[in-house]
1. Using 0.36 nm per residue, how much length does the chain from Asp146 to Thr42 gain when fully extended, once their Cα-Cα distance is taken away?
2. By a straight-distance test (C-alpha under 16 Å), which aspartates and glutamates pair with Lys122 as possible cross-link partners, with residues fewer than eight away in the same chain excluded?
3. If you take every DSSP beta bridge fully contained in the range 33-169, what fraction is antiparallel? Give it as a percent rounded to 5.
4. How big is the dipole moment of the range 108-220 about its Cα centre under a simple scheme where the beta carbon of each Lys and Arg is +1, that of each Asp and Glu is -1, and everything else is neutral? Debye, nearest 20, please.
5. Report the dimensions of the range 147-220 along its three principal axes from the alpha-carbon atoms, largest first, rounded to Å.
6. How much length would be gained if the chain were fully extended between Asp92 and Gln62, taking 0.36 nm per residue of separation minus their Cα-Cα distance, in nm to one decimal?
7. Mind checking Rg over Rh on the range 57-169, alpha carbons, Kirkwood formula for Rh?
8. Under the rule a/c < 1.5 gives rounded, and otherwise a/b versus b/c splits prolate from oblate, where does the range 88-139 land using the Cα gyration tensor?
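Here, each number is a calculation from the coordinates, and none is a lab measurement. From a predicted model like this one, the values you see are computed outputs, not experimental measurements. No Cβ is skipped: glycine too gets one built from the backbone with ideal geometry, and neighbour counts run over all protein chains shown.
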Amino acid sequence: MKDFRDIKLSRREFVVAGAASVSAAALPAGAATSATTLPPRTVSPAALRPVASNVSFIVNGQQRSLTLDTRTTLLDALREHLHLTGTKKGCDHGQCGACTVIVDGRRLNSCLTLAVMHEGAKITTVEGLGTPNNMHPMQVAFVKHDGYQCGYCTPGQICSAVAVLDEVRAGIPSHVTGDLNARPHLSPGEIRERMSGNICRCGAYSNIVDAITEVAGSQT
Ligand code: FES
Ligand code: FES
């Protein structure tokens, strides 16, 4: 048998042989041989075709029915199909909260959920909270306390804030609630925690907390 010390490899041959052995070691046993024998994967064109579905929900008190590609997010259904552009697309990845709407009483990032999942739901967007002539108390407080600069995050902030007050009324604790058996007290720390999913790139956070505190005080 040949001793490995007798094997002479050029530098290039050594690198190629080393890479091949590392790849083989990284694969599960048997994979190195079976991978080459798998038949090519075929996807039928029908499987790639978009699938449309009907969905009906109540948006801001109005029954709305749509036929949508099943991949349509609730955010795109609201903005692109119902032209309710108050709800904003910030990141489209569930990271900024600009797309927050209220679905069956709970706040939701509408970019993270498919429209067809909400058959029969009651959806409230910022347009459904108030109008320029008849604003929701939270909208009034945001104006009064200057809770915005560019305003892009504001519809999501306001929808979120309205739902936060409902969560507190329902006794739902947050990560910073001290006593889980007592009704949560809406301290600035509680508000900041509960609103932490709504990012404001203009940094209007302290004024937003003031606005929510005022509305919370007037409702208790
Ligand atoms: Fe939905 Fe940012 S757009 S979380
Ligand atoms: Fe500009 Fe919040 S007001 S991002």
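1. Numbers: separation 104, 0.36 × 104 = 37.44 nm, distance 5.73 nm.
Here the segment from Asp146 to Thr42 would lengthen by 31.7 nm.
2. Cross-link targets: Asp104, Asp166.
3. Values: 16 of 18 bridges.
Antiparallel: roughly 90 percent of the beta bridges in the range 33-169.
4. Details: 7 positive and 10 negative charges, 11 e Å.
Taking the Cα centre of the range 108-220 as origin, the dipole is about 60 debye.
5. Projected onto its principal axes, the Cα set of the range 147-220 covers 39, 24, 17 Å.
6. Numbers: separation 30, 0.36 × 30 = 10.80 nm, distance 2.56 nm.
Length gained between Asp92 and Gln62: 8.2 nm.
7. Numbers: Rg = 13.5 Å, Rh = 14.2 Å.
Answer for the range 57-169: 0.95.
8. Values: a/c = 2.57, a/b = 1.38, b/c = 1.86.
Oblate shape, in that a/c is at least 1.5 and b/c is the bigger or equal ratio.
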